[in-house]
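The values are calculated or read from the model by the stated rules, or taken from the named source; none is laboratory data. Since we're looking at a predicted model, the values are computed, not measured. Because the Cβ atoms are built from the backbone with ideal geometry, glycine has one as well, and the counts that use them run over all protein chains shown.
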Amino acid sequence: EAHAVLAVARAPTGRDPARDEGVYRFGPFANVSEIVDTQFLPDFAQDGYLWLGVRNLNPSRVVSLFFHIEARANDAVLTTSDEADAERTAPTLSLRYFSDQAWKDLPAAGVIRDTTEQLSRPGLMTLAIPVDARGAPAPSTEELTWLQLAVTQPELYGRIFDLQCGAATATRVGGPPANAGSPILPPNAIIGLTPKQPNVILVGQTFTTENGRLAEDERQFQIRVSERLRHKQRAILPRDYESLILEKFPNIGDARCLTRKEANLYGAPRGQVVIVVAPLRAPGAASLEPRVPEYMLRDIGDYLLQKCPASVDAIVVRNPDYEPLRVSAWLDCEAGDRTAIMRQARDAIDRLIAPWRDDPNAPLPIGSGSVGLADVLGALTSVDRKLEVHGLSLVHFYRDAKPLTPRAVAASPFRRLRDTARPGFGNNQSTPWWPWSVLIPAADPQLQWLDRGDGIGELGVEVDFALAWNSQTFYKSPVQAGIGNLKIDADFLVEAGVGNLAIEDDFCVS
């Protein structure tokens, strides 16, 4: 939508191109009378700019802004004792204000509070606007005070979902009793002040609360004190790292420190500790792949680096690697609502592979747990006692960071698959491939209704069918995973291009 109209002082003559042609440069303001530079195009010295116009600035000239930022996701963060490394990865944010048709840097004293850590996480930014900030005319001729936020390295920032003025923080002081309720409040749980204040018109809460804890009972208190007395705030053993994280960071629900043997599989040299963490899950709001935001991974690494011995010079804090497990089968049922049965079958598979999605108190099985063909068969037949399952197989997708062929060196990490339908598989159990992985159900299980009317054209003698249609003698063999039944961006991922992948090593063609 246009906010201004360009009025040309004279009509084109049609005879003099030098007078008829011109270049017009549009800026963010409607009424800047003079352009002080002579460059053809504006010089953007930084990678990204955000202009904020503040209306009705209060006499104290203090503005409090809440930034609801989608924290940038990252698989892993390396924290070292080298301060130069930390400086290279730190985001750089420049704050300026508009005065006399020019931008001026906001002095350091103008930043009263910044819990966003330079827009790298959700939080508050409280600014004191200098008195020489002159408003630039807005399209409605109402004068606004303009602020400019400029960033470099945009890959270090997340997306801004919402921006609110007049923000404040609240701390819960009268929580529920021990082991009751939830430490996390959903959005819009806070709706007003008690007692009400006439100068506050509206109170809103736009996102989930953070850093909440449930009150301890006597047993939990004794466990925490015993753990504290054992590790004495020092990280020596793997369980020490886990206890310190869970005690310090209430938003972390699961933590696992890899052993030295497991860290070698990860590729971590000696002196480097690898820790896998997962967020605390809210009731009814469990993510399909729970991930800890990057800023929290950095906070955990910085905290542990102060607690570990001198022999540890680097800490890797990472999210779990989620490995999809896809179920393939033909279903047959003599009677019943096929649509409802299919939906219940899919739900049963999801609950079997990832029970933690429905239970926020269930531990996330990082590097543990297994699912077998017998388990899946039991889950499917529990839906309906008359349900028959044929051609059951499991396809396990996992990342492999260690290519086995020279052609695949550039594809790191890339996907492999393990298929129980392939000859010589020899194991009907699927477990996480790596100690830092978690099994999850694939987004689209291949469950199909068996149409026994397909006839000879769909079946093979002594392979797919017998000479009777009795359920005791009927057999439908599993179908191997291949290009024909894999989906781009779901099951079959080509991250480095087919030219960098090797058949049978990097992807299977059945």
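General remarks:
- Residue match in region 276-284 (condition: aliphatic (A, V, I, L, M), under 30 Å from Leu439 (Cβ atoms) and touching a Cys at 6+ places or on another chain (Cβ under 9 Å)): yes
- When residues of region 236-289 are limited to those that are among the charged types (D, E, K, R) and surrounded by 19 or more Cβ atoms within 10 Å (Cβ to Cβ), the one farthest from Pro355 (Cα to Cα): Asp240
- When the strands (runs of 3 or more DSSP E) confined to region 271-355 are screened for residues that are within 29 Å of Leu447 (Cα to Cα), those reaching at least 2 such residues are found at 321-332.
- All of (1) surrounded by 11 or more Cβ atoms within 10 Å (Cβ to Cβ); (2) charged (D, E, K, R); (3) more than 27 Å from Gly123 (Cβ to Cβ) hold for Glu218 with one exception: (1).
- Residues within region 222-259 that are closer than 18 Å to Leu297 by Cα and not in a helix (DSSP H, G or I), tallied: 11
- Checklist (1) over 24 Å from the mean Cα position of the chain (by Cα); (2) surrounded by 13 or more Cβ atoms within 10 Å (Cβ to Cβ); (3) more than 30 Å from Gly391 (Cβ to Cβ) applied to Asp302, failing item: (1)
- Per-region count, region 363-391, residues aliphatic (A, V, I, L, M), in a loop (DSSP other than H, G, I, E, B) and closer than 29 Å to Ala255 by Cα: 2
- Residue within region 205-218 that is outside the structural domain of Pro122 (by TED's automatic domain parsing) and modelled with pLDDT of 80 or more present: yes
- Filter pass, Glu262 being within 24 Å of the chain's Cα centre (by Cα) and either on the phi < 0 side of the Ramachandran plot or part of a loop (DSSP other than H, G, I, E, B) (or both): no
- Subset of region 315-356 that is farther than 29 Å from Gln480 by Cβ and within 20 Å of the chain's Cα centre (by Cα) - its residue that is surrounded by the most Cβ atoms within 10 Å (Cβ to Cβ): Val317
- Meets criteria (in contact with a helix residue (DSSP H, G or I) (Cβ under 6 Å, 6 or more places away or on another chain), at pLDDT below 80 and under 29 Å from Tyr266 (Cα atoms)) for Ala401: no
- Residue match in region 12-31 (condition: at pLDDT 80 or above, surrounded by 12 or more Cβ atoms within 10 Å (Cβ to Cβ) and outside any loop (DSSP other than H, G, I, E, B)): no
- Filter pass, Val292 being under 24 Å from Asp359 (Cβ atoms) and either touching a Gly at 6+ places or on another chain (Cβ under 8 Å) or crowded, with 21+ Cβ neighbours inside 10 Å (or both): yes
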